[in-house]
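Here the structure comes first, spelled out in C-alpha cells, and everything after it is commentary.
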Amino acid sequence: MRVASYCTTFLKPEMLHLYRQITGLKEWETFVVTKERLCEDLYPMPEGAIEVVPKLRSNFVRRFWLKYIKREPPIVYRGEYGLLANILECRHCDVLHVYFGHTGVHLLPFLKRWPKPSVVSFHGMDVQTRANDPTYEVRLRELLQTTTLVLARSRSLQERLLDLGCPEDKLRLNRTGIPLDKFPLIERTAPADGAWHLVQACRLIEKKGLDDALHAFAEFIKRHPAAKFTIAGEGPLLGELEKLRDELGLTEKVHFAGFLKGRALCDLYHTAHLFVHPSRITADGNQEGIPNAMLEAMATGLPVVATLHGGIPEAVRAGVTGLLTPERDREGLAASLFALTDDAPKWQAFSEAASRDILENFEAGAQIAKLEAVYAEAVTRTTK
C-alpha cells in the first residue's frame with residue numbers, strides 16, 4: 001500500500017518531526033508531494049521520493065471560463081487540481097495524507113472529488129480560524145466532515161477540533177515519535193556549586209514565552225549566581241530577546257546558540273539540568289500542540305518547568321516529571337525553578353520519570369505503527 005504525504009513546503013528547519021514520521025514508515029510505501037523543496041541537506045530523500053507540483057503557464061481563456069463561468073475554486077482554475085490528480089494516479093496512491101489543516105482547507109475542492117481516502121493532520125496553529133477571512137472557518141468545518149480521518153497531535157487539539165464540528169468517530173491521536181537512540185538517557189548529578197544549566201530549544205517566536213523565561217531566570221540567578229541559561233533556536237525575536245537579556249543584566253549568563261539539530265542538540269541537553277518552556281496563547285489564538293524539543297529533552301532525563309498550555313500537560317505530569325504554572329506567570333515560573341533545584345532528590349526523581357514517560361508514551365516505532373494503522377483504517381472506511 002502507498003500513501004502520498006502532502007506538505008506544501010518540504011521542509012522548514014523546525015519540521016524535523018514530520019521528516020521523522022514520513023521517513024519512518026515501515027509497512028507503507030510513501031512519496032512526498034510538495035510545492036517547494038527546502039533544506040535538502042537537512043532532510044535528504046531517496047531519488048524519486050519527491051514530486052514537486054510544477055507551476056503551469058496560465059491559459060487566459062481557459063482560466064477565465066473556469067473562474068467566472070464555471071465558478072470553480074482557485075485550485076481548479078489555476079490548474080493545481082489536474083496536476084495533483086495526475087501525480088496520485090500515476091503513483092498508484094492508496095491514501096493521501098495532508099499535513100496541516102490550512103493545507104487541507106486549500107485542498108478541500110480536491111478532497112471532495114477524489115474517490116480515495118484522505119487523512120488530514122493538525123499540529124497546533126492550524127486549528128486557528130482567521131478573523132480576516134470569515135469563510136475560512138466554514139471551509140475548515142467542511143474539511144472535517146469531508147476527509148476520511150482526522151489526526152491531532154494532542155488531546156487539547158482534539159477538543160478544539162470537536163468544537164469545530166469534527167465527528168468524534170473519525171478523530172485520532174497522532175503523537176510525535178521520539179527516536180530514543182538519538183536522545184539517550186544519561187545519569188546526572190545536581191551541581192554542588194549551584195551552577196545549574198537551564199535550556200530552552202524552540203523557534204524564537206511569541207508563543208514560546210521566551211521573555212517570561214528570561215525574567216524568571218533573572219530571579220533564579222539571584223540565588224544561584226553560577227547558573228547559566230542556553231536558548232537554542234532561530235526566529236524573528238532574536239534581536240528583541242538579546243536586548244531584553246542585556247537589560248536584565250544577563251549578558252554573560254544567557255547564550256543564544258542558534259538552531260541546533262541532531263547530535264549537537266542532544267549534546268546540549270546532556271550538559272543541562274532543566275528544560276524550560278513557558279508557552280502561551282498569543283493574541284491571534286496561536287498555541288502549541290506538544291513541543292517536540294521538550295519531548296527530546298525529557299528523553300535524555302531533563303525535568304521540565306513549563307506552563308499549563310496546549311498539549312504540554314499531556315506530556316509533562318505535574319509533580320512527577322515537571323512543574324507547570326499558569327501562562328505568563330513569571331513569579332510562578334521562578335518558584336518552580338527554585339522548587340526543583342532546592343530539592344536534589346526531587347530533581348533526580350523527576351529526571352528518571354521524564355525519560356521513562358517518553359519511552360512509554362512517545363517512542364518513535366510505536367507511534368509509526370499507530371499511524372500506519374490509521375492509513376489502513378482509512379482504506380477500510382472508504383471501501384465499505
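Taken over the range 303-384, the percentage of Cα pairs per 10 Å bin, counting from 0 up to the bin with the maximum distance, is 17, 34, 23, 14, 9, 2.
Of all the Cα-Cα pairs you can form in the range 168-281, what percent are over 25 Å apart? Result for the distance tail: 29 percent.
Coupling constants for the range 309-320 follow from the phi torsions by the Karplus curve (6.51 cos²θ - 1.76 cosθ + 1.60, θ = phi - 60°), and in residue order they are 9, x, x, 4, x, 7, 9, 9, 7, 4, x, 10 Hz; glycine and proline get x. Choose one answer from F338, F229, F31: the residue with the largest mean-square fluctuation in a GNM of the chain with alpha-carbon springs under 10 Å. Top of the fluctuation ranking is F338. You can think of it this way: the chain between A369 and L25 has 123.1 nm of extra reach, that is 0.36 nm per residue less the Cα-Cα gap.
Spin-label model, L162 to I281: label points 7 Å out along the Cα-to-beta-carbon direction sit 1.7 nm apart.
Provide the three semi-axes, in whole Å and in decreasing order, of the ellipsoid equivalent to the range 234-274 as defined by the square roots of 5 times the Cα gyration tensor eigenvalues. Can you show the working numbers first?
On the way: eigenvalues 99, 39, 7 Å².
Three semi-axes, in Å: 22, 14, 6.
With the convex hull drawn around the C-alpha atoms of the range 74-152, the volume per residue stands at 87 Å³. Let me know the longest stretch in the chain that avoids all GluC sites (Glu not before Pro) found in a DSSP loop with at most 13 other C-beta atoms within 10 Å. My reading of the result: 48-186 is the longest stretch.
Test of understanding: what is the full-extension gain from E247 to R130, defined as 0.36 nm times their sequence separation minus their Cα-Cα distance?
Values: separation 117, 0.36 × 117 = 42.12 nm, distance 3.56 nm.
Net length gain for the segment: 38.6 nm.
Net length available on complete extension from K112 to R155 is 12.8 nm, with 0.36 nm assigned per residue and the Cα-Cα distance removed.
Label positions at R263 and D193, each projected 7 Å from the Cα along the C-beta direction, are separated by 2.9 nm. To the nearest 0.05, how large is the calculated FRET efficiency for K35 and L359 if R₀ is 35 Å and r is the Cβ-Cβ distance? For K35 and L359, the calculated efficiency is 0.40. The lysines within cross-link reach of K222, meaning a Cα-to-Cα straight distance under 27 Å and a gap of 8 or more places when in the same chain, are K207, K208, K243, K253, K346.
At a temperature of 25 °C and a viscosity of 0.890 mPa s, determine how fast the chain diffuses translationally according to Stokes-Einstein, using the Kirkwood radius over alpha-carbon pairs as Rh; express D in µm²/s, rounded to the nearest whole number. Each step should come with its number before you reach the end.
Details: Rh = 22.3 Å.
Answer, rounded: 110 µm²/s.
The P(r) of the range 197-361 has a tail past 29 Å containing 9 percent of all C-alpha pairs.
Counted by Cβ distance under 13 Å from I358, the other residues give a net charge of -3, where Lys and Arg count +1 and Asp and Glu count -1. At an R0 of 25 angstrom, the distance between the Cβ atoms of L42 and R91 translates into a FRET efficiency of 0.55.
Mean residue ellipticity, 222 nm, helices only, the chain: the sum of -39500 (n - 2.57) across DSSP H runs of n ≥ 4, divided by residue count and rounded to 500, is -12000 deg cm²/dmol.
Every number here is computed from the coordinates shown, using simple stated rules; none is lab data. Bear in mind that the values here come from a model prediction, so they are computed numbers and not experimental data. We place every Cβ from the backbone using ideal geometry, glycine too, and count neighbours over all the protein chains shown.
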